[in-house]
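What follows is a short report on a single structure.
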Amino acid sequence: MKIDEQLRELEGVAEKKKIKVSYENIGGELGAGGLCKVKGEHRVIVDRRATDGEKVTVIATALARFPLEDVFMSEDTRAIINGRTLDEIVQATIDAKIPLYFVRTNYERERGKVIPDELWIPAVEKTGGKFYAANNEKALLDAIAEIDTASTGTIEVRQYSSQQPRFAVFALIAGAFWTSAAALKLGIPYFQKLP
């Protein structure tokens, strides 16, 4: 289930329980929010600037304080609200015969050099998958290529950059000024002398 679908389902669960969810501009820490009572009614206030993932976390944490056995929701959404341990998640992937591929990105940190690696490496390997420590762009692209080869389906990679070369525009402008200066110097006698 996609994160935006989980968010909509959590909002629906809150509505069924008569808990109002509102998105407000909250000062301070980004992604803040939580459960409160306004005029005797429960309300979840979520930071409007938060990502969908942060919004899901805030709403799920608030809903976890209420009995929800009577509300129909997907298994994934119930798991988010109730929380699941790593062992439960790994066992579910083993039971479903789904190998887990985990790419941990952390610049210049080799495999085993980050504390959570000790937790994730054995868990991932139990499922028949593989743990990748992508400490640079090449390692990340290599991991993606290896996962694409090993798993069913296809992984499509797109690279985006916010930095665009702008040298060509300035070189063209400089060339135009130089050409204009040369034409003026050679073609108009007034510009052939220095003042």
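Before moving on, here are some points about what is shown:
- Residue in region 147-157 that is surrounded by 14 or more Cβ atoms within 10 Å (Cβ to Cβ) and under 19 Å from Leu86 (Cα atoms) present: no
- Boolean, Asp95 is charged (D, E, K, R), surrounded by fewer than 10 Cβ atoms within 10 Å (Cβ to Cβ) and either closer than 29 Å to Ala64 by Cα or assigned by TED's automatic domain parsing to the domain that holds Ala64 (or both): yes
- Counting only helices (runs of 4 or more DSSP H) that sit wholly inside region 1-84, those with at least 1 residues that are modelled with pLDDT of 90 or more and acidic (Asp, Glu) are 3-16.
- Here Ala134 meets the list (1) small (Gly, Ala, Ser); (2) in contact with a helix residue (DSSP H, G or I) (Cβ under 7 Å, 6 or more places away or on another chain); (3) without any contact (Cβ under 8 Å) to a residue 24 or more places away in the chain; (4) more than 30 Å from Val13 (Cβ to Cβ) almost entirely, failing just condition (3).
The values are calculated or read from the model by the stated rules, or taken from the named source; none is laboratory data. All values derive from a computational prediction rather than experimental measurement. Every residue, glycine among them, receives a Cβ derived from its backbone with ideal geometry; neighbour counts consider all protein chains shown.
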